[in-house]
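Colleague: Quick one: this structure, given as structure tokens, is what I'll be asking you about.
The values are calculated or read from the model by the stated rules, or taken from the named source; none is laboratory data. Here the structure is a predicted model, which is why all the values come from computation and not from measurement. Note that each Cβ is placed from the backbone with ideal geometry, even for glycine, and that neighbours are counted across all protein chains shown. In case anyone asks, the SASA skips ligands and DNA or RNA and just uses the protein heavy atoms, side chains included. Shrake-Rupley method; radii C 1.70, N 1.55, O 1.52, S 1.80 Å.
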Amino acid sequence: MGKSCKVVVCGQAAVGKTAVLEQLLYANHVAGSEPMETLEDIYIGSIETDRGTREQVRFYDTRGLRDGMEFPRHYYTFADGFVLVYSIDSKESFKRMEVLKKDIDRQRDKKEVTIVVLGNKLDKQDERRVDANLAQNWAKNEKVRLWEVSVVDRRTLIEPFVYLASKMTQPQSKSTFPLSRNKNKGSGSTDS
């Protein structure tokens, strides 16, 4: 297990951010339960990557954004990754998530961060307001991965979080900087 990764979970109020984390980590979401407003909670989970290693991830469950609220700036500076959540039955929540993505791109200071997007409430297909193809095309243009999930079916939550943990902890690739094998070339050495 390497360093603990910090992941900020954000989106509009009542899209199911806390429910996603509770179901993923503890499998204890009760369908139909009343949403409770979150100020900020921290969850720590151990997630197995696609390389078979277990990584500790610290999830910052943030307060749901409402009209006129800005996302607190301090989250941009320390996060290794973001989970942007919208609800498939709310076009407004998708638009809010798009704005969050732009803010992250602007604020992250050239820091490499992993972003995954979750379209939650897949179990409410009959109330869908966000077109699945439109959302996937947006994700492709933004170079992020998007999954439609449902906290009612925990299995839908596994793949996005395995991807997230795997991407954030992948080993650094070998340097492409050419190293000289010849000691005499440009080394400043006068040995002959």
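Colleague: Within segment 110-125, how many residues turn out to be open to solvent by 10 Å² or more (accessible area, probe 1.4 Å), within 17 Å of Gly16 (Cβ to Cβ) and not in a loop (DSSP other than H, G, I, E, B)?
Modeller: Count: 4.
Colleague: Related question: So which strands (runs of 3 or more DSSP E) are wholly in segment 1-109 and hold at least 2 residues that are buried (at least 19 other Cβ atoms within 10 Å of the Cβ)?
Modeller: Hits in segment 1-109: 5-11, 54-62, 81-87.
Colleague: Can you confirm whether Gln136 is without any contact (Cβ under 8 Å) to a residue 24 or more places away in the chain and surrounded by 14 or more Cβ atoms within 10 Å (Cβ to Cβ)?
Modeller: yes
Colleague: So which pairs qualify, if the first residue must be in segment 79-96 and charged (D, E, K, R), the second must be crowded, with 23+ Cβ neighbours inside 10 Å and in a loop (DSSP other than H, G, I, E, B), the Cβ gap must be under 6 Å, and the two must be at least 6 apart or on different chains?
Modeller: Asp89/Lys121
Colleague: Kindly provide the set of residues from segment 101-132 that are modelled with pLDDT of 95 or more and hydrophobic (A, V, I, L, M, F, W, C), ordered by number.
Modeller: Correct list: Ile115, Val116, Val117, Leu118, Leu122, Val130, Ala132.
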